[in-house]
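As structure tokens, the structure follows; a few thoughts come after it.
Taken together, the values in this text are just the output of simple stated rules run on the coordinates, not laboratory data. Owing to the predicted nature of the structure, the values given are computational and were not obtained by experimental measurement. Here the Cβ positions follow ideal geometry from the backbone for every residue, glycine too, while neighbour counts run over all protein chains shown.
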Amino acid sequence: MTMPAFRLERPRSLADAVSILATHGPDAMILAGGTDVVPNLQMKLFSPRVLVDIKPLAKNAQLASIDWSPANGLRIGALATLTSICESPLIREKFPVLAAAVATIAGPLQRNMGTVGGNLCLETRCQWYNQSDFWRKSLGGCLKKDGPICHVAPGGKFCWAAWSGDSAPALLTLDAEIEITGPQGARRLPLAQFYKNDGMDRIALGRDELLTAVHVPARMAGRRGNYHKLRVRNSIDYPLAGVAVSMHVDSRGICRDARLALTAVNPAPLLVKEACEWLAGQPASPELIDRVAQQAIRTAKPLTTSGSTPVYRRDMVRVFTRRALEESWRSADGK
Amino acid sequence: MSKQLIKLRVNGEQYELAVPPNKLLLDVLREDLGLTGTKRGCDDSSCGACSVLVDGVPMLACVALAASYQDCELTTVEGLGTLDALHPVQSSWGDAGGAQCGFCTSGFLISTKALLDRNPHPSLDEIREALSANLCRCTGYMQIYESVKLAIERAAAAKAAGAGS
Ligand SMILES: Cc1cc2nc3c(=O)[nH]c(=O)nc-3n(C[C@H](O)[C@H](O)[C@H](O)COP(=O)(O)OP(=O)(O)OC[C@H]3O[C@@H](n4cnc5c(N)ncnc54)[C@H](O)[C@@H]3O)c2cc1C
């Protein structure tokens, strides 16, 4: 495959990056680690006139560092690599669900390049979309790119391309907020409000904005947590389904507070809201776990966006939810 | 597309090249610098045959724009050892049969070098994890792990010999 033509900008300051984005609007595209952007460019999924490489901003330590304080909680700069996150002793100790989820992203080579900002802004994926230009043209395109119909749900006008990132569900279970920087400065947004659950219009980010950091409140530190992911091979592959859980369990084994989130089974990573309500104040019981697992598969709407079948992916959401909850109750607290 | 002048530091040598901004590091290495040890395998960044070291960290040259890696120290398989003095990972690969068709080999050597630089005595699990983004379709991986173990022994022996003299 070949790369389309574009101009490459390498801003040295955040202000420059914002002003380049503001000048070029929809003609500009952000490039971080490039592990999602570059393959997509080669498939001619986008044709930006200007590619804005934000990696030089990593020299500005605030944008690539991982900082923790009991007062301000955890802050991860958007350009922090996935490797730096899943290998961080601090994150492994205090936010095990995040370390576990990030450790499953692609393989070690991609994690050395990929950034958390890129992972949270990942393009949605579908087997009818993530194909070469030639392949897509032979089919007449799809709703998301160059075509009139969605091959997943041909009757509708909705794009079902699946959210296929692994860090977002983990961060949702930690009540994370993101910091977005634009011409007006920085603003904070709960991560849950960032995702639009629309395969074509995935995130609430202005054309002149970039994600600059992720924040996790200090009260989420030390919770138990784990991540279960379905994929064909245990390395390299994107998720076909994923379940993240964070849980605070007291000394008597009562769940004080919990969050459960799904990935790769909807156009957005989604919290299963009922889980939070139903689990609080409860001891572990097979009935409760089953009830939450049932609710998880009601939230999951996998369609034929990948090589695996929707039935299997939905079933694995149930299995993973059960395992994730049982494991959370069984495991020891973080520090 | 108009070319632009970029500076790359590869295997200790400084290069100044005129390349279009959309040119991948993999293509610059192979076509402009003639360093064809780095391979294009899958063409969608999922096989590891194009691995190179960027400031000592293994990365995929097929998703890297050459112009984005100007401020880095790049190492390709050609930079690991010389014909007269192979790097331990190179000689062990030959002696333990880590390569069959050889296409994935340079990527594996790069990932292994990075692993051993960071962790000279990795467990089998650590080896498997470090090599899990490199695909081989010939050897079934067992000989590759044997090659890594041999490289570990050789590096340790060389170090002990160095310390003793
Ligand atoms: C073979 C392979 C397997 C993969 N498997 C997985 C997997 O299992 N799980 C998974 O989650 N991902 C997977 N990925 C995708 C990708 O590697 C990761 O999601 C990675 O974190 C993307 O980060 P990046 O820095 O490379 O993003 P880029 O490719 O640089 O960017 C990704 C998107 O985010 C935008 N963007 C990047 N940074 C910012 C920012 N700071 N602000 C605003 N927008 C931004 C870009 O414009 C682009 O739309 C895989 C990729 C490959 C090639």
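Worth a mention:
- Cα→Cβ-extended label distance, 7 Å offset, between B:Asn119 and B:Ala160, nm: 2.3 nm
- Other residues within the sphere of radius under 14 Å centred on the Cβ of B:Ser92, judged by their own Cβ, net out at 0 (K and R +1, D and E -1).
- One decimal place: the segment A:Asn60-A:Ser331 gains 93.7 nm when fully extended, by the rule 0.36 nm per residue minus the C-alpha distance.
- Across the stretch A:251-258, computed HN-Hα scalar couplings (Karplus, 6.51 cos²θ - 1.76 cosθ + 1.60, θ = phi - 60°) run 5, 8, x, 8, 6, 8, 6, 8 Hz from first to last residue, x flagging Gly and Pro.
- Stretchable slack from A:Ala218 to A:Asp198, in nm (0.36 nm times residue separation minus alpha-carbon distance): 4.1 nm
- Percent RCO, i.e. relative contact order, over chain A, from Cα pairs under 8 Å lying at least 6 residues apart: 17 percent
- Neighbourhood charge, 10 Å Cβ-Cβ cut-off, centred on A:Leu74 and excluding it, Lys, Arg +1 and Asp, Glu -1: +1
- Cα centroid separation, the stretch A:198-259 to the stretch B:64-83 (Å): 35 Å
- Of the GluC sites (Glu not before Pro) in the stretch A:64-132, those whose Cβ has at most 16 other Cβ within 10 Å and which sit in DSSP loop: A:Glu87
- Label-point separation, A:Ile149 to A:Ser13 (7 Å along Cα→Cβ), nm: 5.4 nm
- Based on C-alpha pairs under 8 angstrom that are at least 6 apart in sequence, the stretch B:4-79 has a relative contact order of 37 percent.
- Contact order normalised by residue count of chain B, Cα under 8 Å, 6+ apart, percent: 22 percent
- Taking the DSSP beta bridges with both ends in the protein assembly as shown, the antiparallel portion is around 85 percent.
- With K and R counted +1 and D and E -1, the other residues having a Cβ less than 12 Å from that of A:Lys229 yield a net charge of +2.
- Kirkwood-based shape ratio for the stretch A:32-182, expressed as Rg/Rh from alpha carbons: 1.03
- Those residues of the stretch B:46-70 whose amide nitrogen sits under 20 Å from the label point placed on B:Lys7, 7 Å along Cα→Cβ: B:54-56, B:65-70
- Relative to the longest principal axis of the Cα atoms of chain B, the long axis of helix B:142-164 lies at roughly 80 degrees.
- Gap separating the Cα centres of the stretch A:288-335 and the stretch A:122-151, nearest whole Å: 29 Å
- The ellipsoid equivalent to the alpha-carbon distribution of the stretch B:88-160 has semi-axes of 18, 13, 10 angstrom, derived from the gyration tensor eigenvalues as √(5λ) and listed largest first.
- Rg to Rh, two decimals, where the protein assembly as shown supplies the alpha carbon set and Rh follows Kirkwood: 0.97
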